[in-house]
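See below for the structure under consideration.
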Amino acid sequence: MLLHYLQIWEKLPHLKAVVQYKGCLQEKRTNLYTWEEFMELGKDIPDAYLDDVINLQKPNQCCVLIYTSGTTGNPKGVMLSHDNITWTAGQASEAGEMIPPEIQQEIIVSYLPLSHIAAQIYDLWTGIKWGEHVYFANPDALKGTLVDTLREAQPTSHMGVPRIWEKMMERIKEASAQAGIVRRKMLSLAMSASFERNRTPARNGELKPFLTTIADFLVLSKVRKTLGFSRCHKYFSGAAPISTETLEFFLGLNITLYEAYGMSETTGPHFMSGPHTYRFQCCGKAVPGCQVRLLNKDIDGNGEICFWGRNVFMGYLNMEDKTKEAFDEEGWLHSGDIGKMDADDFLQVTGRIKELIITAGGENVPPILIEDAVKRKLPIVSQAVLIGDRRKFLSMFLTIKSTVDPDTLEPTNNLTLEAIRYCQNVGSEALTVSEIVGQKDQAVYRAIQDGIDKVNKEATSNAQRIQKWKILPKDFSIAGGEMGPTMKLKRHSIFKKYREEVEEFYKV
């Protein structure tokens, strides 16, 4: 990596210095330091000078730049002020019921890129605010070593992006598939009892049923221990939509995933769930001090989510026109997301305006709800992407659950154990994705069509039914360009990459 910097150094006029974290320098150069040399640079600077620098900082000055992932266009530099950061860190951590160290030492694990707003707020700033003990995972955390760090750290609180929770779910399912029939049955019964109980939480003073308590102690606590969650009492999910299947699965493990919702432009969470502000499939309530407005609501109460508060950003770096576009005349920040609020002010995000499909017949179709339904009906499906904007009917791309290369994070051709079991149950002997796609495995294709038919039966109108679908030869990945750094789908990249396949759906 250092060699790459040396080769292009002359092309980077604003680069002040490069610090090599480990090892010895291969060559000596001005402004090229080892970590030890870098740490010595400030040794002779008096504290009074540092105090002067600190005192020059103002609450309304830019503290950090967060670049959007570019899922709907080129990345933009989100300018967050010192006030944005400090205020949000305080309010959001209280909303998430983080505990002060004098009462209990909070322990968390940092594994996301620190350039992402979720890691900035959750891992860094709330850690500083509340004196949290932060473990930094290895660089290959997302390649499978995250669980090892969780077991070592034993976090009291954990924030996971949806894809992390999904991977944990798949790992547990695969382990269960390899277990004996007795252990598999015990896990199934314990999870069923836990799920039913957690879907109807106990009222004040009501004790949990004896069977649920025993099942948790004998079975579920051991599963949580293998994940590193023996001491964890708060589990958060954010940065992307999470499927109903994943939420229900973890309820079965007696793990309630508290959803949070916000943007880089709102310094992270504007809405948060927590132990006392939880409702299934909702993102909780607005963080105290944050305001929300739903614009242009339809008959079901769905409208564009707009934000106001001290957490709202300063603007985009060197993009005054984009900044003006983000706000309306009254100063409300428009999210581009669609949601609805219930009578108790719990928010449910139901779609995104730029992702909203408007058919040729003029009907608005939120893709996330249909995609989620497909994945619930078809456990062999990893990703489902709805297509049909300005088209006569809806179609869909599907990917099959496959194992992941631990070194590259690239999906392989081999099916996961869950996918293999699905194939066996429908009468197929396929072990790879290419066997299903290349040979158009009739048993699997028939089963998938049956699942699509079931989803179509639940559709609110004919326009919301899936008419055609196609299995892609490989699952999505960050390296493949179909996902962002937090494993959120980049729809415009998918449609561009598979443009020919999209057009094939609509040939006369």
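Structure values in brief
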item: In the range 88-139, the residues that are β-branched (Val, Ile, Thr) and under 25 Å from Gln291 (Cα atoms); result: Thr88, Ile99, Ile117, Ile121, Thr126
item: Condition broken by Gly127, with the remaining ones in (1) touching a residue at least 24 places away in the same chain (Cβ under 8 Å); (2) under 30 Å from Leu489 (Cβ atoms) satisfied; result: (1)
item: Single match in Ala89, Ala48 (criterion: surrounded by fewer than 16 Cβ atoms within 10 Å (Cβ to Cβ), outside any loop (DSSP other than H, G, I, E, B) and either at pLDDT below 90 or among the aliphatic types (A, V, I, L, M) (or both)); result: Ala48
item: Members of the range 1-16 found to be exposed (fewer than 11 other Cβ atoms within 10 Å of the Cβ) and within 25 Å of Pro139 (Cβ to Cβ), listed by number; result: Met1, Leu3, His4, Gln7, Ile8, Leu12, Lys16
item: Matching residues in the range 210-236 - criterion: being open to solvent by less than 70 Å² (accessible area, probe 1.4 Å) and among the aromatic types (Phe, Trp, Tyr); result: Phe229, Tyr235, Phe236
item: Yes/no for Ile299 being surrounded by fewer than 21 Cβ atoms within 10 Å (Cβ to Cβ), in contact with a helix residue (DSSP H, G or I) (Cβ under 7 Å, 6 or more places away or on another chain) and free of Cβ contacts under 8 Å to residues at least 40 places away in the same chain; result: no
item: Count - residues of the range 245-273 that are open to solvent by 10 Å² or more (accessible area, probe 1.4 Å) and among the hydroxyl-bearing types (Ser, Thr, Tyr); result: 4
item: Residue identified as aromatic (Phe, Trp, Tyr), touching a residue at least 60 places away in the same chain (Cβ under 8 Å), within 24 Å of Met169 (Cβ to Cβ) and in contact with a helix residue (DSSP H, G or I) (Cβ under 9 Å, 6 or more places away or on another chain) among Phe476, Phe495; result: Phe476
item: Matching residues in the range 126-166 - criterion: being closer than 23 Å to Trp87 by Cβ and buried (at least 17 other Cβ atoms within 10 Å of the Cβ); result: Thr126, Gly127, Lys129, Trp130, Glu132, Val134, Ser157, Met159
item: Qualifying positions in the range 396-424 - polar (S, T, N, Q), open to solvent by less than 60 Å² (accessible area, probe 1.4 Å) and not in a loop (DSSP other than H, G, I, E, B); result: Thr399, Ser402, Thr403, Thr412
item: Failed criterion for Leu32 (all others in (1) farther than 30 Å from Tyr278 by Cβ; (2) buried (at least 16 other Cβ atoms within 10 Å of the Cβ); (3) within 26 Å of the chain's Cα centre (by Cα) hold); result: (3)
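Each row is one residue, and each column tells you yes or no for (1) surrounded by 16 or more Cβ atoms within 10 Å (Cβ to Cβ); (2) more than 23 Å from Val444 (Cβ to Cβ); (3) of a type in the set (D, E, K, R).
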{"residue": "Ala343", "(1), (2), (3)": "no, yes, no"}
{"residue": "Gly351", "(1), (2), (3)": "yes, yes, no"}
{"residue": "Thr359", "(1), (2), (3)": "yes, yes, no"}
{"residue": "Ala373", "(1), (2), (3)": "yes, no, no"}
{"residue": "Gln383", "(1), (2), (3)": "yes, no, no"}
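The values are calculated or read from the model by the stated rules, or taken from the named source; none is laboratory data. As the structure is a prediction and not an experimental result, all values here were calculated from the model. In this analysis, Cβ positions are derived from the backbone assuming ideal geometry, glycine residues included, and neighbour counts consider all displayed protein chains. Ligands, DNA and RNA are excluded from the accessible area calculation, which covers all protein heavy atoms including side chains. Shrake-Rupley method; radii C 1.70, N 1.55, O 1.52, S 1.80 Å.
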